[in-house]
Amino acid sequence: MRLKRQKRNRKVVRFYTACFGFRPSFKVLCDGTFVHHLLVNDIMPADNALSNLLGATAKLFTTRCVLAELKRLGNSYSESLKAARSLTIARCDHERRKSAVDCIMEIVGENNPDHFFVATQDNDLRKKFQKIPGVPVIFGLRNALFIEQPSAFQRQFVKSTEEERLHMTELDYKILNMKVKERLATDEVRDTPDADECLDQTLGTQAVTKTNSARKRTVVKDKAQFKRKRAKGPNPLSCKKKSHRQPNLVSEKVNSAFSFISQYFCNTPPPPFSPTGLLIFMPGIDS
């Protein structure tokens with residue numbers, strides 16, 4: 001039952017958001033009877049209960065006239081007065097305090113410009129709001145809260161406004177007639193021979209300009225769009241490395257050894273060393 005009731009309430013909220021422009025966070029205007037009902041049935045905190053009912057954050061409002069009425073009711077409603085004073089005060093420009101019903105009716109007006117949800121336990125007030133479009137009513141039964149279903153008058157009002165949107169207004173009809181007359185006048189001017197010559201000249205100039213622009217585009221396209229990559233040098237992987245010949249280290253070592261021996265023993269110059277590796281014996285040198 002709770003899920004069905006919640007779906008039904010959310011459906012009513014979607015109706016008012018789609019047809020009358022209600023947007024969260026929702027504003028709830030409470031009278032004294034509704035505040036008293038919340039306290040008696042221990043529906044606290046009230047803002048959380050109304051937020052769960054509407055499916056979005058809700059801010060509670062009341063008026064100074066409602067506070068004055070609760071104050072006149074005496075000590076039996078002192079707790080309700082204390083709870084109502086914690087709510088946000090909606091502005092009502094009444095120098096002399098009116099009854100809560102008249103005050104709320106004036107704030108809501110004919111089309112509810114501030115998009116208030118009205119929370120009340122007054123049956124007469126609920127019936128009055130059924131004849132005003134765009135005024136959703138919240139009421140309580142024991143420890144549960146409900147949103148009153150849209151009345152037949154409100155549904156008919158929504159349907160009639162949708163039909164009006166589909167049809168043209170008098171201003172739209174006049175503008176359309178003006179545009180049709182201007183179009184017919186231009187068509188009559190085009191039918192004359194002078195107008196045909198002018199049209200031919202304009203078409204010729206347009207064709208020439210189009211061909212010139214096309215040539216310019218083709219000239220630009222004929223040019224090379226991409227530069228060819230030229231080889232900057234030979235590929236280092238395909239080149240053979242230069243061979244560095246090592247000097248004949250063996251002959252140098254042999255010559256240095258002979259020079260050392262000859263200076264140490266004979267004090268004579270060393271024999272020359274042939275490139276073939278054989279010693280050349282010179283006369284006067286003992287073998």
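The values are calculated or read from the model by the stated rules, or taken from the named source; none is laboratory data. Only a predicted model underlies this, so the values are computations on that prediction, with no experimental measurement involved. Cβ placement follows ideal geometry from the backbone for every residue including glycine, while neighbour counts extend to all protein chains displayed.
What are the residues in segment 24-41 that are modelled with pLDDT of 90 or more and not in a helix (DSSP H, G or I), if any?
F26, K27, V28, L29, C30, D31, N41
Residue by residue, here is whether (1) charged (D, E, K, R); (2) touching a strand residue (DSSP E or B) at 6+ places or on another chain (Cβ under 8 Å) holds:
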site	(1), (2)
R10	yes, no
Y16	no, no
R23	yes, no
T33	no, no
T63	no, yes
S78	no, no
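Consider only pairs whose beta carbons are under 8 Å apart and that are at least six residues apart or on different chains; among these, list those whose first residue lies in segment 21-37 and is farther than 19 Å from R64 by Cα and touching a residue at least 40 places away in the same chain (Cβ under 8 Å) and whose second residue is aromatic (F, W, Y) and part of a helix (DSSP H, G or I).
As it stands, the answer is F22/Y16, since those pairs meet every condition given.
For Q154, state whether it is closer than 18 Å to V35 by Cβ and either crowded, with 18+ Cβ neighbours inside 10 Å or touching a His at 6+ places or on another chain (Cβ under 7 Å) (or both).
So Q154 fails the test.
Could you list all residues from segment 126-151 that are buried (at least 18 other Cβ atoms within 10 Å of the Cβ) and either hydrophobic (A, V, I, L, M, F, W, C) or free of Cβ contacts under 8 Å to residues at least 12 places away in the same chain (or both)?
Result: F129, I132, V135, V137, I138, F139, L145, I147.
What's the total number of residues in segment 53-110 that are more than 30 Å from K4 (Cα to Cα), in a loop (DSSP other than H, G, I, E, B) and not hydrophobic (A, V, I, L, M, F, W, C)?
13
Mind telling me which of the residues K82, K71, K98 ends up being in contact (Cβ under 8 Å) with a residue 12 or more places away in the chain and charged (D, E, K, R)?
K98
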